[in-house]
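The values are calculated or read from the model by the stated rules, or taken from the named source; none is laboratory data. Since this is a predicted model, take the numbers as computed values, not measurements. Ideal geometry is used to build each Cβ from the backbone, glycine not excepted, and the neighbour counts take in all protein chains shown. The accessibility values were calculated without ligands, DNA or RNA, using every heavy atom of the protein model including side chains. Shrake-Rupley method; radii C 1.70, N 1.55, O 1.52, S 1.80 Å.
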Amino acid sequence: MYAQRKAPHAPRSHAGRGFRPAPIRARVGLAMRRSMNFGSMPDAESVLRAHGLSLAPMAVGEGGLSIGGTSVLATAQASDLDSGALKGLVVPAGAADEADDAALADAISRACAKGAPVLAFGEGVAATLRALGRPAGPFADAPAVVVSGDDVQPLADAEALGAAAGRIH
């Protein structure tokens, strides 16, 4: 049978089983920052994807971004928040200079103005709350927060992150 097929690979022995990615429910911007990470939630990106969010890299500075010698091209812009093409914004921890901080603050403000939730991680929590003019003190020890409207909710673990991601559509 295999020899008669024109396919260059062998058939799967368990057709219909195996890994299937979660269907994409919403596209959210990922604010690309130098040395970015998700703080004490290193599996945050996979949790967001498992809950149907597609992460679109978004440049929040003038220069391109290179991570470990690999250039990352932005597929989204801050204007996509205005148009509603992005349903939320993810702000990871990372290094930035003053110009990048201003661009990040602009993206955060645009997301909140459109009512899109902002998920912030590590040092991104303080940057997000600072951009919105809110006190960061009560959330200084939170590994992550979600800002939605006037509400700021701390996210303690992957389960809370998954629940927050499930509300984005």
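Solvent-accessible area per residue in region 89-143 equals 42 Å², computed with a 1.4 angstrom probe and all protein chains kept. Among beta bridges from DSSP that stay inside region 79-158, the antiparallel ones total about 75%. Based on the reciprocal of the average 1/r between different C-alpha atoms, the Kirkwood radius for region 73-169 equals 13.5 Å. How far apart, in nm, are two points set 7 Å out from the Cα along the Cα-to-Cβ line at residue 71 and at residue 49? So the two model labels end up 2.3 nm from each other.
With 0.36 nm allotted per residue and the present C-alpha distance subtracted, the residue 40-residue 156 stretch has 40.8 nm of extension available.
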